[in-house]
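Below: the structure, in structure tokens.
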Amino acid sequence: MNNSPSWQGDLVLPCLNEAEALPWVLERVPAGWRAIVVDNGSSDGSADIARAHGATVVHEERRGFGAACHAGLTAAEAEFVAFCDCDATLDPGALTRVSHPVRTGSADLVLARRRPTARGAWPVHARLGNHALSRMVRRRTGVRLHDLGPLRAARRTALLDLQLSDRRSGYPLQMVVRAADAGWRITETEIDYLPRTGKSKVTGTWLGTWHAVRDMQAVLR
């Protein structure tokens, strides 16, 4: 008996008050991918909107980007898993291209390198923080990355084997570091980065960027 799901991959979308952006994001999820929206305590009806657009909704009471991402990972069932912000800065339609190297076996983890499409799409402070962290990752692991992109894809069981423990902003970085330590083939591919829909809760502010960088520095230590 084949217990595999009928879809090829699960797309994890950590969500905190993204009611404005969710319809656009969910409408652009490629065929063959199941959207898993992880509601991290939204008060704007995000969970109901996600269900109305056909997404599977998971509730994660513990606040934190990593907590939401990991709840989505543990809820996933497909062979391939991808992660993406659900603020409409990234087009999920690119997922087919981003995941292709993993699905064909030529890479173990693919990160989408962001290319801003408009002034202000990627604030200077957020870009500088990302650049500094990418350099730290290169020194720590030897992996040459330009961006710790929020859109990424890998195999589900391999991700679970990494035993990721960070539940804050350091989760994406911990994934890359542990994958590199495990000998994974990590690559990048470019993707358009759009102005976000709604109010930013992390890298759109200096304070949010500082907290994210602090969390990621803790992972590197």
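The values are calculated or read from the model by the stated rules, or taken from the named source; none is laboratory data. Not measured: the values here are computed from a predicted model. Here the Cβ positions follow ideal geometry from the backbone for every residue, glycine too, while neighbour counts run over all protein chains shown.
When restricted to residues that are small (G, A, S), farther than 24 Å from S4 by Cα and more than 18 Å from the chain's Cα centre (by Cα), the stretch 48-64 contains 1. For the stretch 4-17, the condition of being out of contact with any Lys or Arg (no Cβ under 7 Å at 6 or more places or on another chain), farther than 13 Å from F83 by Cα and aliphatic (A, V, I, L, M) holds for none of the residues. Residues that are among the polar types (S, T, N, Q) and surrounded by 15 or more Cβ atoms within 10 Å (Cβ to Cβ) occur in the stretch 182-193; there is at least one.
Reported count of residues in the stretch 18-38, each being over 13 Å from C84 (Cβ atoms) and either among the hydroxyl-bearing types (S, T, Y) or under 14 Å from the mean Cα position of the chain (by Cα) (or both), is 0. State yes or no: is W7 surrounded by fewer than 22 Cβ atoms within 10 Å (Cβ to Cβ), touching a strand residue (DSSP E or B) at 6+ places or on another chain (Cβ under 9 Å), modelled with pLDDT under 95 and among the hydrophobic types (A, V, I, L, M, F, W, C)? Yes, satisfied.
Taking the listed residues R156, R152, R167, the one that is over 21 Å from V98 (Cα atoms), at pLDDT 90 or above and under 15 Å from the mean Cα position of the chain (by Cα) is R167, with no other qualifying.
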